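Participant: Below are the structure tokens for one structure; questions will follow.
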Amino acid sequence: MKSRIYAVVALVLSTLFSTAQTRLTPAQVFVRVKDSVVVILASNSDVAAQGSGFVVGPGQVATNFHVVEGMSAAYVAFQDGRVEKVKGTIHADPDQDLAVLSVPTGDVAALRLGDELSLHEGDRVLALGAPQGLNLSLSDGIVSSFRKMNNQFVIQNTAAINHGSSGGPLLDEDGQVIGVTTFSLENTQGLYFAVGITALKQLLRDRSVGITPLANLPRAGANEDQGPVWDLIRAERYDAAIQQAEETLAANPDNDDAQRQVLTALIKQGEFILAIRKCEAMAARRSTVRMRLRMAKVYYLGGRYGDAERLARLVIRDQWDNSEALKIVGGYIFMSGDEKAWRNYAQHLPLSERDGIWYHVYMGYLGIGLGYVQNGINDLEAATRDDFPDPAPYLALAGLYLNERQIDKADKILHAAAERFPFHPQVLLLTAQIDMTKHRKAEARQLVERIQHLTMVGSTGFANNAVCDYNYFAGQPEIAMPYCRAYVDGNPGLASARTGYGWALLEKGDFKEAEAQFAKAEQLRDRKGPSRRVENVEISWGTILAAALLEDRNRAEKLLKSLREHEPSAVDMVGLENYPIIWSELTIKRINEFQRSAR
């Protein structure tokens, strides 16, 4: 992301206070929900399997995808003795291990869906299913932790589940479903996992394409990289994955799979600098089109956009219709505002993409880059209306609106994106920032907690940026400092990382180092792209305050005069309230004091 405007605020909040309320006993929960929990029997010509499920709406039963995967027929047994044949699936998501079956439910009530984000470690949970083919069984336990595994947000808990319980509901003490029980680790006790209910809510909101016969379902992981090292990466055991992949590379340095494994594991840990160095060493051995594209991707993720664009263009020279390279070039161009580059991009836009799902996004970027801003906005807005499967058009629109200080429009588009993509960290972080700039602290807290669940703080650039910015905003620089430093170390060429670190240093009282960070940010800042106006204001005010606090009054006032000439609406907090920048209370006080005393 190009600036702290597009970056975000987040904090790991240890506890959210809630009003006291009467909780149900496990027996009361069981009586309330049992009639809505079902047993699922599935089979094909070779095997039969059993799982659990629960009613989520008229004619709809939710379960795990693996319960019906590879099966040709399935039946649902209700607690009143009825057995109904499954017509097929209405929704299916192999990656989240979720499926919604189409089956007559009669007058059986749907269970209430809660919110796993309201849970905390130690909260009581209940699992209901039909283990080992027995009648319904209730087990209780507590939330152990929240994890992201294999691109799933899962709730680790101690409520026992066994074979046959998969797909049943994980409930809170109010009887609301907060997860779908999924699996346990073999040869262990107390390690049980459930997919968070937000994933199922998202699946239910998606437009159904009709009923899909079970025999036609996709296979989970069909397109995933396979093998023990990839399994380690999906289990987030990155160091072990790197060690095994490096052993393979020691014997065969050009092993493509092992190269991708090392780079993927490093990037997922947020080790962008090391990933870049590794990839450069690989490319030095063998500079193929594939390696240039891989190098471009690593550069792009590491914030070295110019290098990424240069390599992507080399790929396009050899493979003019390479969509991955075109997307990298397009992303660079969108942030650079280079008109010549835009026109070159338009010339190379592959015909195969012009009628494809990315059409509106490509043309939106192009229109904006060539100065046809409204045309570009129209295309991007069209993409958001067409159930576009990627948040790119939402983020592009939000960036444009933020730069033009149209905060309400950015607010609207980001909250739409957060509802559409509830597991996308960049979307959530931007939305949390908007909530902070508009002083909606309660809403921001909810998003912050979701970010906490989805990203391991300290392991990703998003998390480091978020915790840095939020703790600066909250006036807690000592907490912010290590995360700000980590964000700079991981993104040394990113102006926004330096800016965030500078604000935290000012808050802490280290004015000299803050001044150095703002000076570095000024050298790195975006001078052409869509974030340039707001980024310039933020860096300018950081430099002004650093000079004033170092008692270099003349320099501070000269800088303020320059800012007044270039951005007259940003010389005091009255005007700055219209800029999408997060200020701490101490910063606001300092700006007001300096403005009042300035000549």
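Taken together, the values in this text are just the output of simple stated rules run on the coordinates, not laboratory data. Remember, it's a predicted structure, so these values are computed and weren't measured experimentally. Reconstructed Cβ throughout: ideal geometry from the backbone, glycine too, with neighbour counts over all protein chains shown.
Participant: Within a Cβ distance under 14 Å of Ile377, other residues only, what is the Lys/Arg minus Asp/Glu net charge?
Facilitator: 0
Participant: For region 26-207, rounded, prolate or oblate, judged on the Cα gyration tensor with a ≥ b ≥ c (square roots of eigenvalues), a/c < 1.5 rounded, else prolate if a/b > b/c?
Facilitator: rounded
Participant: Just to be sure I understand the model, the point goes 7 Å from the Cα along the line to the Cβ. What's the resulting Arg205 to Asn375 distance in nm?
Facilitator: Rounded to a tenth, the inter-label distance reads 3.3 nm.
Participant: Let me ask something else about it. Amide H of Gly179 versus every other amide H placed in the peptide plane: which residues, excluding those fewer than 5 positions away on the same chain, fall under 5 Å?
Facilitator: For Gly179, the qualifying residues are Leu170, Ile197.
Participant: Express the Stokes-Einstein translational diffusion coefficient of region 462-599 in µm² s⁻¹, to the nearest whole number, given a Kirkwood radius over alpha-carbon pairs, 25 °C and a viscosity of 0.890 mPa s.
Facilitator: 166 µm²/s
Participant: Based on Cβ point charges of +1 for Lys and Arg and -1 for Asp and Glu, what charge dipole magnitude is obtained for region 26-207 about its Cα centre, in debye rounded to the nearest 20?
Facilitator: My answer is approximately 300 debye.
Participant: Going down the table (Lys409/Lys508; Lys520/Lys558; Lys409/Lys561; Lys438/Lys508; Lys268/Lys409), which pairs top 23 Å between alpha carbons?
Facilitator: Over 23 Å Cα-Cα: Lys409/Lys508; Lys409/Lys561; Lys438/Lys508; Lys268/Lys409.
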